[in-house]
1. Filtering the range 1-32 down to residues that are surrounded by 15 or more Cβ atoms within 10 Å (Cβ to Cβ) and among the polar types (S, T, N, Q), which residue is modelled with the lowest pLDDT?
2. Over 13 Å from the mean Cα position of the chain (by Cα) and within 13 Å of the ligand (Cβ to nearest atom): does that describe residue 59?
3. Tally the residues that are within 15 Å of the ligand (Cβ to nearest atom) and either touching a Gly at 6+ places or on another chain (Cβ under 7 Å) or within 16 Å of residue 181 (Cα to Cα) (or both), restricting the search to the range 133-146.
4. Search the range 131-159 for residues being in contact with a strand residue (DSSP E or B) (Cβ under 6 Å, 6 or more places away or on another chain) and among the β-branched types (Val, Ile, Thr), and hand back the single one that is surrounded by the most Cβ atoms within 10 Å (Cβ to Cβ).
5. Would you be able to say whether some residue in the range 1-12 is assigned to a helix (DSSP H, G or I) and farther than 26 Å from residue 160 by Cβ?
6. Hey, can you tell me all the residues within the range 152-201 that are within 16 Å of the ligand (Cβ to nearest atom), more than 20 Å from residue 17 (Cα to Cα), assigned to a helix (DSSP H, G or I) and in contact (Cβ under 8 Å) with a residue 40 or more places away in the chain?
7. Does any residue of the range 64-78 turn out to be under 19 Å from residue 180 (Cβ atoms), modelled with pLDDT of 95 or more, away from the ligand (no atom under 15 Å from the Cβ) and part of a loop (DSSP other than H, G, I, E, B)?
8. Tally up the residues in the range 80-109 that are surrounded by fewer than 18 Cβ atoms within 10 Å (Cβ to Cβ) and either in a loop (DSSP other than H, G, I, E, B) or touching a Gly at 6+ places or on another chain (Cβ under 6 Å) (or both), please.
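The values are calculated or read from the model by the stated rules, or taken from the named source; none is laboratory data. These figures come from a predicted structure and were not determined experimentally. Cβ placement follows ideal geometry from the backbone for every residue including glycine, while neighbour counts extend to all protein chains displayed.
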Amino acid sequence: MRFFLDTANLEELKIGASWGILDGCTTNPSLIAKEGVKFEDRVREITEIVDGDISAEVLATDAAGMLDEGRKLAKIHKNIVVKVPLTRDGIKACSVFSKEGIRVNVTLCFSAGQAILAAKAGAYVVSPFVGRIDDTGADGMQLIRDICLIYKNYSFETQVLAASLRTVNHVIDSAKAGAHIGTMPFKVMDGLFSHPLTDRGLEQFLKDYNKAFSK
Ligand code: G3P
């Protein structure tokens, strides 16, 4: 499973990259706005930190505008994956991009039917939003399972990028379901390290060692 950070914050990305387990980054207009910086500048800065896929989302809502923006974004760096929303125009743009060899992340996916459309349009990845489905009282993880099964049934090459992961268990359950990628906020990635028995065990090892050899 590839691990992406869902952030446009450079400090978080630097720490994730320093751990050696960071495979990419996803951004969206809300995350960029939170940083208060110019979109293309921030995308460029991210390419200098992250050695892997970097999703950059178009702001246009019509296919022609998405194609225009997406082609410019793709030119910034070879690792850029153009992100488009799962709308009729987004799918139309995705079909064109995939024929041009531009990799696309189709985002805001909330149903298996939408995920089939993304795969048929040649998306590189599809992003089902687990947490936002959970917010409605439905089971977000079931969507990940359904999409993985459908893609396997038809040998679709589109990868499942489990997004809107809010907890460590979301990451683990996505991995169990077979999602190719999980994108998560920094605090969730950081949380994957934590276990009280690891802390307690390490403390005991050091205590025993020091007791034996500190005389
Ligand atoms: O990758 C999508 C993500 O940014 C949405 O997460 O927590 O705002 O639903 P969230």
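1. 28
2. No, not satisfied.
3. 6
4. Restricting to residues being in contact with a strand residue (DSSP E or B) (Cβ under 6 Å, 6 or more places away or on another chain) and among the β-branched types (Val, Ile, Thr), the top hit is 144.
5. Yes, there is a match, as at least one residue in the range 1-12 is assigned to a helix (DSSP H, G or I) and farther than 26 Å from residue 160 by Cβ.
6. 170, 174, listed by residue number.
7. The answer is no; no qualifying residue exists.
8. Summing the residues that are surrounded by fewer than 18 Cβ atoms within 10 Å (Cβ to Cβ) and either in a loop (DSSP other than H, G, I, E, B) or touching a Gly at 6+ places or on another chain (Cβ under 6 Å) (or both) in the range 80-109 gives 3.
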